Structure formats: C-alpha cells, structure tokens
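Data block below; observations after.
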Amino acid sequence: MNMGKRTVSVLLVLISTLTMIFTAFTAMPVEAKAATPITIVIDPGHGGVGERNLGAQYNGFSEKELTLQLATALKAELEKYDNVTVLLTRTTDTILSLDSRAEYAKNVGADFVYSIHFNASAEHEFYGSEVWTSTFGNYYQRGKDFGEIVSAEWNKLGLYQKGVKTRIGNKGQDYYGIIRGCVSRGVPCVILEHAYLDHDYDVALLRTSGFINKLAVCDATAIAKYYNLKSTATGADYTGFTYEHSKKPYGRLYQDETGPETCNISVLAQDEASGNILVEMTTHDSQSPVIYFSYSYDGGKTYSVLQMWDRTKDTQSFNIKVPSGTANPVIVCRSYNNYEKMSESSPVQVTGSFNY
Ligand SMILES: [Zn+2]
C-alpha cells in the first residue's frame, strides 16, 4: 500500500472524528438538558406505625400523611412537563427502610431523589423551611444548587427560609440515612423540610386552603428550573433558566457547631410613658447566617418568640415593649444561626419605671 495514501486516509479519519467530537461538545449544553429524559424519584418521608414512622405529629397534622399527600400532588404536577418520569418510593401508608428507598432509586435509574418531609423541633421554637444536602463534593453542589432554587419558590408562599445545610454523622458520612444511602449508590438526594408542624407561624400557613398543592407547585417548578424542563401541556418553559453554581467543597463540609461569635446590644432610647425600649444589636457568625433573634426584659428568665433577623445586616435595631408596671428592666438578647446555635448578649440594665 502506498504510504502517502495511507497517511491521507488516516488524516481524513482523524479530522472527521475530531469534527464529530467537537460537534458533540458544542451541541451538548443547549440540547442535552431539556431534551434528555430524566427520572425523578420522590420519597414521601416516614410511613407506617411506630414513633419514627409517624414522623412529626402536632396541631392535628401528621407528617407521614402530609408527605404522601404532597408527594402525590408533586408527581402530578411534575408529570405535566416533557421528558420526565416520576416515581414514588411509597404510595401507601407503609413502613419502608431508608436503605430500601435508596436501593429503589438506584434500581430505577433515578437522576435525583427528593425526600419530602415536614419539621418539628424539641424546643418548638423554630419555624420555616430548610434543605439538607450531602456534605460531599458534587453531591453537595447539586443539592445546594437545587436547594437555593426551591427555597426561592417557598419564599414566595411566605415561608421563612432557613437555607441549605449539611450534617455529618460520627462515622464521617452523611448523617441522614436517605442522603447517605442515595449518595453511596451514586444518586444525588436532598431532604426537603417544608415547614414546622409545631410552630404557629408555619401552622397558620399550613391551614390556608390548598397549601399542600401550592408546595407541590413550588417543588415541581424548582425541579423544572433545575433541569431546564418545559411543558407542552401547560406552556411552562424553563429551558432558558440559569442559576449560579455553588462552590464544590474539597472533602467534607462540616456543620456549624457554634453560635454567632458576636452578640452585643445597647439601649438607644427608652420611653416610660409608652413602655418602649429601642435596642440595637450587632451579631455576626462567620460560618452560617444569623436568622433569628429573641429578647428578654426580665434578665433572661423569659424570652420573646423568635423574631426574623435580616441576615444581610450585622447591626439592626428593634423595639421591645415592656408591660406596664415594669421597673428597671434588664434586657438580654439572643441570636441564632441557621443551625439553631445560639449566642447571648450581656445583660443591660435600664433604669426607669414603665407605667402607662
Ligand atoms: Zn421527617
């Protein structure tokens, strides 16, 4: 065989191969996301009998029932979009181990698992929505990115947003079994804690008509935005939706175990005739956002319900109204980050008799 001809044909093959690879690469970001079928697994948390299986039970709400209601509504909402297969880990009130839920997701080739939950705290003080994601690299990033998108949707319903968090167990793995089980099988997973069943602020929202359906629309919209889905049926089109990727952590991302580093207060003004005391607080946490504060006017014996703290500012002022008949109140304030870790100010004595 003629060596020259052979070189030419090798070159031709090489050029056409390179062209094919180049075309594939340039075409990918536009085509692949919206047009590639995806499989979404929705995991209604809890189920069956026994304390852990019931989930949170407060104010007439049952977590295991709400999760199934919401998951069912979310499936219907998400199925309006093109190229998406939606599967549930359970469709009845039954006990299912966290590992078998993860195994199911892997077996059906899930692209993402959304574990649906409602919250409660031992203190019954906290309110709002939060998202738990894996502590590890790529899995963290995908959960964090999705979490920010869904948080923006929930915010529109008036739910207070606690943010996206991570938690590591004592063996250095993801603390939450469903996340750990999914990630160990190569499937990204987030836990969606929509609202607290044991706090008035969230319960008032939960009691508004059609709220579970509104949550389902939020979750479906967030998934559609994250995957750039569109719906021929409804005309919704998120193919052009963009978001900023969060940073992928090196190694594990540890949870915040400490309260805000600073929590200082000063009294700016007082008015004995109306019972009002104007307090300025400066609080800062370098690891996580400060999201709540509370105040006491009896030296820390009793505290107000948790107030919302504007996380974009370190210094804010607020009014404390003391009851008529209060003499020489002692102000103490607390600030909490989104891991519910708290710091307390030094007490500040106010001199005066508040009678009005
Ligand atoms: Zn739960």
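Coordinate-derived values only; no laboratory data. Worth saying up front: this structure is predicted, and the values here are computed from it rather than measured. All Cβ positions, glycine included, derive from the backbone under ideal geometry; neighbour counts span all protein chains shown.
Distant-in-sequence amide contacts of GLN270, defined by a placed amide H-H separation under 5 Å and a gap of 5 or more residues or a different chain, comprise LEU278.
Between GLN255 and THR91, the contour length at 0.36 nm per residue exceeds the Cα-Cα span by 55.7 nm. Taking 13 Å as the cut-off, the amide N atoms of the stretch 103-132 that come nearer than this to a point 7 Å along the Cα-to-beta-carbon line of TYR243 belong to 131-132.
Entry note, the chain: the mean residue ellipticity at 222 nm calculated from DSSP H runs of n ≥ 4, each adding -39500 (n - 2.57), is -10000 deg cm²/dmol after division by the residues and rounding to the nearest 500. When the listed pairs LYS225/LYS247; LYS64/LYS341; LYS144/LYS247 are checked against a 21 Å cut-off, the alpha-carbon distance exceeds it for LYS64/LYS341.
Relative to the dominant Cα principal axis of the chain, helix 63-78 is inclined by about 40°. The amide H of THR262, built 1.01 Å from its N in the peptide plane, has HIS284 as neighbours under 5 Å, considering only residues 5 or more places off or on other chains. A simple charge model with +1 on the Cβ of Lys and Arg, -1 on the Cβ of Asp and Glu and nothing else charged puts the dipole of the stretch 35-226 at about 440 debye relative to its Cα centre. Mean sequence separation of contacting Cα pairs (under 8 Å, at least six apart), scaled by the length of the chain, corresponds to a relative contact order of 15 percent. Is the C-alpha gyration tensor of the stretch 35-226 telling us rounded, prolate or oblate? Criteria: a/c under 1.5 is rounded; beyond that, a/b larger than b/c is prolate, otherwise oblate. Rounded is the answer for the stretch 35-226, as its axis ratio a/c remains below 1.5.
Evaluated with a Cβ-only charge set (Lys, Arg +1; Asp, Glu -1), the chain carries a dipole of roughly 1520 debye about its Cα centre, given to the nearest 20.
The HN-Hα couplings worked out from phi for the stretch 283-288 by the Karplus form 6.51 cos²θ - 1.76 cosθ + 1.60 (θ = phi - 60°) are 9, 8, 9, 7, 9, 9 Hz, whole numbers, x standing for Gly and Pro.
Farthest toward the positive end of the dipole of the chain, out of MET342, SER115, PRO289, is the Cα of SER115, where the dipole comes from beta carbon charges about the Cα centre.
Placing unit charges on each Cβ (+1 for Lys and Arg, -1 for Asp and Glu) gives the chain a dipole about its Cα centre, and among THR315, VAL305, ALA105 the Cα reaching farthest toward its positive end belongs to ALA105. Legend note: in the chain, cysteines whose Cβ sits 4.7 Å or more from every other cysteine Cβ are CYS218, CYS263, CYS333.
As a length-normalised measure over Cα pairs under 8 Å and 6 or more apart, the relative contact order of the stretch 35-226 settles at 28 percent.
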